[in-house]
Amino acid sequence: MKNALMFFLPAMVMIFNSISGQNLTPTEIVRIADEKFNGEKSGYSVMAMTIVRPSWERTVEFRSWSLGTDYALTLITAPAREKGQSFLKRSNEMWSWNPSINRLIKLPPSMMSQGWMGSDYTNDDILRESSAVNDYTHQLEGEESVGDRACYKIKLEAKPDAGIIWGQQVWWIDKKDYIIMKAELFDEDGYLERTEIASDLKVFDGRLVPSVIELIPAEKEGNRTIVKISEMKFNIEVEESFFSQQNMKSIR
């Protein structure tokens with residue numbers, strides 16, 4: 001997830017180790033971190049998302065496939081009442097499929113900022129509509145530690161013509177393993193909307209990445225969304241034809 005999702009979501013150990021001593025630009029650092037979590041070409045993940053509210057909480061389980069930044073497919077596998085729902089992105093077009101009512105809905109751009117499955121993540125986070133590399137400029141703000149990890153602190157400023165949800169982001173990227181350890185996301189007016197914190201680093205498919213990402217809204221006390229990753233694969237064999245309306249209705 002892009003974000004969980006944002007983050008959520010979404011990065012060749014030998015390659016990263018070989019370039020770690022070079023003088024990288026902020027954009028190159030962001031690109032490496034983004035690709036490490038999402039895969040350079042494609043990716044697959046299995047996740048459980050727990051939505052926490054002051055008076056209740058619930059967990060949604062799902063699987064996701066992606067190909068570059070233009071194709072994404074997410075399938076809900078639990079709970080039972082939502083099992084089989086799927087979400088598809090092909091270039092700039094996005095759909096949702098609900099098998100219980102046999103209905104396919106095209107999602108307009110205005111829905112990208114809405115919460116996905118009632119969580120604090122947005123449709124944009126899950127379907128990766130925006131690109132942290134291509135839709136932002138990048139500036140190194142210094143270095144800070146997150147926990148026991150020394151990080152680059154990089155400011156991402158939305159390009160004027162990007163037309164995306166977050167006007168600004170700040171990422172703390174681990175200097176050794178290029179892991180996004182923390183992120184702050186701001187709206188177009190510069191107000192902090194949410195903070196994402198990564199933890200419990202594990203090796204999936206040969207890569208050290210966070211297995212837990214916690215999203216904390218800035219102005220909703222007691223609200224949070226926690227994503228736990230149980231499986232990740234990178235640069236899988238998947239074709240564009242996999243990301244079709246027909247497949248989103250039949251995939252299991």
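We did not get these values from a lab; they are worked out from the coordinates using the rules stated. Values in this document were obtained by computation on a predicted structure and should not be read as measured data. Backbone-built Cβ (ideal geometry, glycine too); neighbour counts: all protein chains shown.
One decimal place: the segment Asn92-Asp187 gains 32.0 nm when fully extended, by the rule 0.36 nm per residue minus the C-alpha distance. Annotation for segment 197-247 versus segment 125-157: alpha-carbon center distance of 17 Å.
For each pair in Lys83/Lys202; Lys36/Lys182; Lys175/Lys220; Lys41/Lys202; Lys36/Lys202; Lys36/Lys106, compute the distance between the two Cα atoms and list the pairs where it is over 25 Å. As for pairs spanning more than 25 Å Cα to Cα, those are Lys83/Lys202; Lys175/Lys220; Lys36/Lys106. Ordered by the count of other Cβ atoms within 10 Å of each Cβ, fewest first, Thr74, Thr27 give Thr27, Thr74. With θ taken as phi - 60° and the Karplus curve 6.51 cos²θ - 1.76 cosθ + 1.60 applied, the whole-hertz 3J(HN,Hα) list for segment 184-201 is 10, 10, 10, 7, 5, 8, x, 8, 5, 9, 6, 10, 10, 10, 9, 7, 6, 5 Hz, x standing for glycine and proline.
For segment 13-250, the relative contact order comes to 22 percent (Cα pairs under 8 Å, sequence separation of at least 6). Across segment 140-149, computed HN-Hα scalar couplings (Karplus, 6.51 cos²θ - 1.76 cosθ + 1.60, θ = phi - 60°) run 6, 9, x, 10, 9, 9, 10, x, 9, 10 Hz from first to last residue, x flagging Gly and Pro. Amide H to amide H, with H built 1.01 Å from N, Cys151 comes under 5 Å of Glu144, Ser145, Val146, Lys175, counting only residues 5 or more places away or on other chains.
Residues whose amide H comes within less than 5 Å of that of Tyr136, counting only those at least five positions distant or on another chain, are Lys159 (H built at 1.01 Å from N in the peptide plane).
Computing FRET efficiency as 1/(1 + (r/R0)^6) for Ala150 and Ser244, where r is the C-beta to C-beta distance and R0 is 41 Å, gives about 0.40. By the count of other C-beta atoms within 10 Å, a proxy for reagent exposure, Arg90, Arg252 are ordered fewest to most as Arg252, Arg90. Evaluating 6.51 cos²θ - 1.76 cosθ + 1.60 at θ = phi - 60° for every residue in segment 243-252, the Karplus couplings come out as 8, 10, 5, 5, 6, 5, 8, 10, 5, 9 Hz, glycine and proline recorded as x. Per-residue Cβ neighbour counts within 10 Å put Ile226, Ile154 in the sequence Ile226, Ile154, beginning with the fewest. Take each peptide in 32-39, 75-82, 47-54, count the other Cβ atoms within 10 Å of every residue, and average; sorted highest first, the result is 32-39, 47-54, 75-82. Take the Cβ atoms of Arg58 and Lys202, set R0 to 30 Å, and the FRET efficiency comes out at 0.75. Note on the chain: Cα convex hull, mean projected area over all directions, 13.2 nm².
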